[in-house]
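In what follows, a structure is listed as structure tokens, so that the remarks can point back to it.
Just so you know, all these numbers are worked out from the coordinates, no wet-lab data involved. All of these numbers come straight from a predicted model, not from anything done at the bench. All Cβ positions, glycine included, derive from the backbone under ideal geometry; neighbour counts span all protein chains shown.
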Amino acid sequence: MKELILTRHAKSDWGGPLLRDHARPLNTRGRRSAAALGEWLRAQDLIPDQILCSSSARTQETCTRLKLPVLPELCDALYLAEVPDMLRVLRGAIGARVLMLGHNPGIADFAASLVATPPAHERFDDYPTGATLVVRFDINDWADLMPGTGTAQHFVIPRTLN
């Protein structure tokens, strides 16, 4: 059994017009949301043993504010990644429970591609900032992951946690 925690970065700050997209940090709401997501993950005993994180500033800051006891592996391939890229990165994972942090629109498409039945949540399709899907797969190795085979366990958005 493998479990994926698929999280979109928290709300980013658009106040620095000279900042490149990759360098944008979180805004105040995003910082609060990331902390709330971390509290929720710990309360649900959903501590990953591996974190795969886009190399962008906002995903790294989201990861830091989750306050999980695992150092992230920064993956340039996850920055604005599309489904094939995300699948390739995940198939190389080694943890039993992996947290992957990324960006829309790819992460919403990836989430939809993974589950046999999508969670009954009105925000699943647009996967807002901070959205987190927990999905289980009946596999022994991430290399064997096939789209459409996951079972959604949880889907949360920060707005319902604050």
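With respect to being in contact (Cβ under 8 Å) with a residue 12 or more places away in the chain, in contact with a helix residue (DSSP H, G or I) (Cβ under 8 Å, 6 or more places away or on another chain), in a helix (DSSP H, G or I) and of a type in the set (A, V, I, L, M, F, W, C), Leu6 falls outside the description. Residue-level check: of (1) farther than 26 Å from Ala43 by Cβ; (2) surrounded by fewer than 17 Cβ atoms within 10 Å (Cβ to Cβ); (3) acidic (Asp, Glu), Glu122 misses just (1). Flag set for Leu90, criterion: surrounded by 14 or more Cβ atoms within 10 Å (Cβ to Cβ), among the hydrophobic types (A, V, I, L, M, F, W, C) and in a helix (DSSP H, G or I). Contact map, the range 63-79: first residue part of a loop (DSSP other than H, G, I, E, B), second residue of a type in the set (Ser, Thr, Tyr) and surrounded by fewer than 19 Cβ atoms within 10 Å (Cβ to Cβ), Cβ cut-off under 8 Å, separation 6 or more or different chains; pairs are Tyr79/Ser55. Pairs linking a residue in the range 128-147 that is within 30 Å of Arg29 (Cα to Cα) and touching a residue at least 24 places away in the same chain (Cβ under 8 Å) to a residue that is among the polar types (S, T, N, Q) and part of a loop (DSSP other than H, G, I, E, B), with Cβ atoms under 9 Å and 6 or more positions apart or on different chains, are Pro128/Asn104; Thr129/Asn104; Ala131/Asn104; Val134/Gln44.
One residue stands out in the range 142-162 among those that are closer than 15 Å to Ala96 by Cβ and among the small types (Gly, Ala, Ser): the one that is surrounded by the fewest Cβ atoms within 10 Å (Cβ to Cβ), namely Ala143. Within the range 29-49, the set of residues being buried (at least 17 other Cβ atoms within 10 Å of the Cβ) and part of a loop (DSSP other than H, G, I, E, B) comprises Leu46, Pro48.
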